[in-house]
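Worksheet for the structure shown next.
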Amino acid sequence: MKSLPENIQGVLFDLDGTLLDSAPDLYAALVAQCTEEGMPLPPYAPVREVVSRGARAVLRCAFADRGEPALELLMPRYLELYQQVMAQQTSAFDGIDDLLARIEAQGLRWGIVTNKAAFLTDELVSRIGWASRASAVVSGDTLAVKKPDPAPVLLACEQAGVEPARCLFIGDDRRDIQAGAAAGLYTVAVSWGYLDGGDPHTWDADAVLDHPADLADLLQLQPVVA
């Protein structure tokens, strides 16, 4: 584990699979679309595994045989179905709420960098109750590029008013680590997320953690007294 930079100013997070367990709602939308299309329902486990790769990867779990052009045609309806159920079963991973409270109590800023489309990101963050708390929210279509390009991470640092060299980027996908490292942030891979079937220890992250409480310990964040 690499030593933390001095005088940390903020922490940036990936959204799906890092802060939020959104797989149940993404799967529910896929089930609804399979029902509409008369297709067999895929098992939950392989769908959950690919959630960090986005809606196309989810659709491939059920419609791969139809080919990529067909997936593009299915995408708008899938996103519509997902928007209908978004946040019904989605929740923060165990320990995330306490972690965010500790970050805020320490006077640090936190934000979100996701490849999710902005119209979904903004609504989901609002429904979860984080819209007024996050110092930065950068979505997959905020810029012309998305992770693993470092530009969204750098934009989030700018929005939050933090220096990249004094900020962490936390994610459950190799692309998160690549984007954060290229932007000059301290990178943390988390094993509690979806991982896309990969081993976070092979992603060259500065640290690999198993629970949000481990991040609180790494940052030496004090418990929040009620």
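The values are calculated or read from the model by the stated rules, or taken from the named source; none is laboratory data. If you're wondering where the values come from, they're calculated on a predicted model, not measured in any experiment. No Cβ is skipped: glycine too gets one built from the backbone with ideal geometry, and neighbour counts run over all protein chains shown. What goes into the accessible areas is simple: the full protein's heavy atoms, side chains included, and nothing from ligands, DNA or RNA. Shrake-Rupley method; radii C 1.70, N 1.55, O 1.52, S 1.80 Å.
Just to be sure, is Val85 surrounded by fewer than 18 Cβ atoms within 10 Å (Cβ to Cβ) and among the β-branched types (Val, Ile, Thr)?
The answer is yes for Val85.
Identify the residue in the stretch 1-52 that is of a type in the set (Ser, Thr, Tyr) and surrounded by fewer than 18 Cβ atoms within 10 Å (Cβ to Cβ) and, among all such residues, is modelled with the lowest pLDDT.
Ser3
Just name the residue that is farthest from Asp196 (Cα to Cα) out of those in the stretch 162-176 that are open to solvent by 10 Å² or more (accessible area, probe 1.4 Å) and either in contact with a strand residue (DSSP E or B) (Cβ under 7 Å, 6 or more places away or on another chain) or hydrophobic (A, V, I, L, M, F, W, C) (or both).
Ranking the qualifying residues of the stretch 162-176, first place goes to Val162.
Which condition does Glu163 not pass, out of (1) within 21 Å of Val190 (Cβ to Cβ); (2) touching a Cys at 6+ places or on another chain (Cβ under 8 Å), if it passes all the others?
(1)
Condition first: on the phi < 0 side of the Ramachandran plot and in a helix (DSSP H, G or I). Can you find one or more residues in the stretch 188-200 that meet it?
There is at least one residue in the stretch 188-200 that is on the phi < 0 side of the Ramachandran plot and in a helix (DSSP H, G or I).
Could you run through the stretch 146-161 and say how many residues are in a helix (DSSP H, G or I), among the small types (Gly, Ala, Ser) and surrounded by fewer than 21 Cβ atoms within 10 Å (Cβ to Cβ)?
1
Can you confirm whether the stretch 63-71 contains a residue that is closer than 28 Å to Ala189 by Cα and either open to solvent by less than 20 Å² (accessible area, probe 1.4 Å) or of a type outside the set (Phe, Trp, Tyr) (or both)?
no
To keep it simple, each residue is scored yes or no on (1) under 16 Å from the mean Cα position of the chain (by Cα); (2) at pLDDT 95 or above; (3) not aliphatic (A, V, I, L, M).
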site: Ala189; (1), (2), (3): yes, yes, no
site: Gly193; (1), (2), (3): yes, no, yes
site: Gly197; (1), (2), (3): yes, no, yes
site: Pro200; (1), (2), (3): yes, yes, yes
site: Trp203; (1), (2), (3): no, yes, yes
site: Pro212; (1), (2), (3): yes, yes, yes
site: Pro223; (1), (2), (3): no, no, yes
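Which pairs turn up if I take residues in the stretch 76-92 that are under 14 Å from Asp122 (Cβ atoms) and at pLDDT below 95 and look for partners that are open to solvent by 30 Å² or more (accessible area, probe 1.4 Å) and among the basic types (Lys, Arg) with beta carbon separation below 8 Å, at least 6 apart in sequence or on another chain?
Hits for this filter: Met86/Arg127; Ala87/Arg127.
Tally up the residues in the stretch 177-226 that are among the β-branched types (Val, Ile, Thr), more than 17 Å from Asp94 (Cβ to Cβ) and open to solvent by 50 Å² or more (accessible area, probe 1.4 Å), please.
2
Taking the stretch 155-187, which residues are among the basic types (Lys, Arg) and either over 17 Å from the mean Cα position of the chain (by Cα) or closer than 16 Å to Ile112 by Cβ (or both)?
Of everything in the stretch 155-187, those that are among the basic types (Lys, Arg) and either over 17 Å from the mean Cα position of the chain (by Cα) or closer than 16 Å to Ile112 by Cβ (or both) turn out to be Arg166, Arg175.
Working carefully through the options Ser139, Ser132, find the one that is farther than 26 Å from His211 by Cβ and under 16 Å from the mean Cα position of the chain (by Cα).
Exactly one residue qualifies, and that residue is Ser139.
Anything in the stretch 192-226 that is in contact (Cβ under 8 Å) with a residue 60 or more places away in the chain and farther than 24 Å from Glu6 by Cα? List them, or say none.
Trp192, Gly193, Tyr194, Leu195, Asp196, Gly197, listed by residue number.
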